[in-house]
Amino acid sequence: MKKLMLSLAVVSLLAITGINAQTLQNEGTDLVQETTKIDPETLPEKVKETIQNDETVKDLTISEAHQVMKDGEVVYKIKFAGTNPGEELTKKYDAMGKELEDEKKEEPAK
């Protein structure tokens, strides 16, 4: 009887550990961002309006536009061709046209 109870306890422990391991594996897949290159003409009107009202980019040409799924939200990553050859500027906007700040990368301690 003791062996049976011990066996059931071990099997239960292994089952719980297996379920927990599956949960952790699924959490890692959420970090993947889905990026789709889109035609700049298909940008939402709110994003186009924000670009036209932004003095720094309104006269620049859009060289690339990408729709990115980030944390369940749609983000538009837009590359503008600079005024000088080889220069480019990248900005990000949400679906409502609000410009998003890039995540700050911390510099390593010296």
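Please treat every number below as a calculation from the coordinates, not as lab data. Every value quoted in this text rests on a predicted model; they were computed, and no experiment measured them. Positions of Cβ are backbone-derived with ideal geometry, glycine not excepted, and every protein chain shown enters the neighbour counts.
Points to keep in mind about this one:
- Applied to the stretch 71-82, the Karplus parametrisation 6.51 cos²θ - 1.76 cosθ + 1.60 on θ = phi - 60° returns per-residue 3J(HN,Hα) values of 6, x, 10, 8, 10, 9, 9, 10, 9, 10, 6, x Hz, with x for Gly and Pro.
- Rg followed by Dmax, in Å, when the stretch 33-98 is reduced to its Cα trace: 11.6, 36
- Pairwise label distance in nanometres, residue 63 with residue 49, each label 7 Å out on the Cα-Cβ vector: 2.9 nm
- Taken along the Cα-to-beta-carbon direction at a fixed 7 Å, the label points for residue 99 and residue 87 span 1.6 nm.
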